[in-house]
Structures are given as C-alpha cells and as structure tokens.
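Novice: Pasting a structure here, questions to come.
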Amino acid sequence: MEQSAKETWKRLLDRARVRLPEPTLRTWLEPAEAVSLEDGKLVVATPDQFAAEWNESKHSALLSDLSSEVLGKRVEVSFRVQEERAKRPQMDFFVAAPTPGHQPPAAGAAAPWALPLNERYSFTTFVVGKSNELAAAAASAAAIVLFHNHPSGDATPSPDDITLTARMVNAGDVMGIDVVDHLILADQTYYSMLESGRVQLRRALREG
C-alpha cells in the first residue's frame with residue numbers, strides 16, 4: 001500500500017529523532033510539511049528560504065538515507081519554500097513593491113521606489129533624543145548584536161526567530177551594518193545564532 005507524503009514524512013521524523021537532537025527537530029524539521037511524494041522524491045515545504053537552504057544542506061542527505069530503513073526503499077528528500085510564502089517580497093519592509101498594473105517609468109527615469117530619501121533628512125541634521133537614541137546608535141554602528149528573551153525558559157529558536165535573524169542580516173547589508181550575533185536568553189541558558197553557525201551560514205550564502 002502506497003503511503004501519502006505526510007505519512008512518509010511523519011515516519012521519517014520519528015526515525016530522525018534517534019539521530020538528531022530534539023531542539024534541531026523542533027526548530028528545523030517539525031515546522032516543515034510534506035507536499036508531494038512522486039517518482040521516489042519527497043518534497044517538503046519550509047516556512048522560508050533560509051530554512052529550506054539549511055535543511056537541504058544539513059538534513060536532506062541524512063533523511064534520504066533513513067528512508068531506506070523506514071520505507072524499505074530510498075526516497076530522495078528535498079526542501080523548498082511553502083508556495084504562498086515564496087510569493088512574499090523578501091525586502092518588503094524597505095521598499096514598497098509595484099502594485100499590479102503599475103506602469104513602468106519612462107526610459108532613463110528612476111522608479112519612484114528607487115528614488116533617494118528626502119535630502120532634508122540626514123544624519124548631519126539628526127537630533128538625538130530619548131525617543132530615538134536607540135535608532136541613532138544602531139544607524140551609526142559598524143556592527144550590532146541582537147538579543148531577546150524566552151520567558152518559557154527554553155532558549156531554542158523558533159522559526160520566526162530564525163526568519164527575523166535572516167531579515168536583519170539582509171537589513172544590515174543594506175545599511176552597511178554587520179549583524180554579529182542574535183542571542184536568545186532563557187533562565188540559566190542562552191542560544192547563540194553565531195555559535196550555532198546560522199549567522200555564519202547566511203554570510204556564506206550572501207558571499208556566494
């Protein structure tokens with residue numbers, strides 16, 4: 001009897017628990033969903049591109065090997081971004097994307113969303129006060145370290161934490177600010193995106 005994609009994925013996750021740490025499963029694999037199983041290939045959808053690239057490089061080969069044990073035949077496991085999420089602009093918080101039906105600018109003219117900021121607003125005339133001192137410090141920084149706490153006491157990063165880290169690294173690229181690390185604090189422990197290799201991987205992907 002043929003198994004569905006979801007049943008196959010569930011069985012692979014159960015077997016992967018023997019080989020991978022529980023935090024790794026919760027962070028990277030459990031948020032993913034199997035979407036198709038055809039011609040010996042299991043396609044699994046992830047919440048974002050960062051997770052797809054990470055799972056493909058770190059877990060795809062292992063899961064494919066485990067499939068022989070679980071299913072009695074080898075199934076190639078590959079990852080991609082969930083279809084509805086893949087349509088979202090990656091940098092939508094910086095630049096407003098053109099609306100449907102938008103007319104392109106005339107030849108030689110700059111697109112409205114590509115025009116520079118108002119010349120009146122620059123850091124030479126920026127007045128720092130209590131309401132904006134944090135933003136001023138970040139804007140003039142050469143590098144920043146992000147951190148937040150998990151009141152639950154579990155420092156394992158959530159998929160949203162990972163997505164935020166990737167977006168902040170992208171934002172740092174735009175502003176010329178290096179995101180050194182993202183720390184998650186919880187009771188007597190912490191989690192470092194730098195120590196785990198996630199920030200380093202993102203840099204490697206950008207440079208490649």
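Bear in mind these aren't lab numbers, they're just calculated from the coordinates by the rules spelled out. Bear in mind the structure is a predicted one, so any value in this text is a computation, not a measurement. Ideal geometry is used to build each Cβ from the backbone, glycine not excepted, and the neighbour counts take in all protein chains shown.
Novice: Contour minus end-to-end for VAL128 and GLU7, with contour as 0.36 nm per residue of separation and end-to-end as the Cα-Cα distance?
Specialist: Between VAL128 and GLU7, full extension yields 37.9 nm more.
Novice: If I take every Cα pair under 8 Å that is 6 or more residues apart in region 5-86, average their sequence separation and divide by the length, what percent do I get for the relative contact order?
Specialist: For region 5-86, the relative contact order is 31 percent.
Novice: Based solely on C-alpha atoms, express the radius of gyration and the Dmax of region 5-86 in angstrom.
Specialist: Here Rg and the maximum Cα pair distance are 11.5, 33 Å.
Novice: Also: Rounded, prolate or oblate for region 127-207? Axes are the square roots of the Cα gyration tensor eigenvalues, ordered a ≥ b ≥ c, and the cut-off for rounded is a/c under 1.5.
Specialist: It comes out oblate by the Cα gyration axes.
Novice: Still on this structure, please answer the following. For region 127-207, what is the percent of antiparallel DSSP beta bridges, rounded to the nearest 5?
Specialist: Given both bridge residues lie in region 127-207, the antiparallel proportion sits at roughly 35 percent.
Novice: Given region 5-86, what percent of its DSSP beta bridges are antiparallel, to the nearest 5?
Specialist: If we restrict to bridges inside region 5-86, about 45 percent are antiparallel.
Novice: Between the DSSP loop rule and a limit of at most 16 other Cβ atoms within 10 Å, which trypsin sites (Lys or Arg not before Pro) in region 1-57 are left?
Specialist: Sparse-neighbourhood loop trypsin sites (Lys or Arg not before Pro): ARG17, ARG19.
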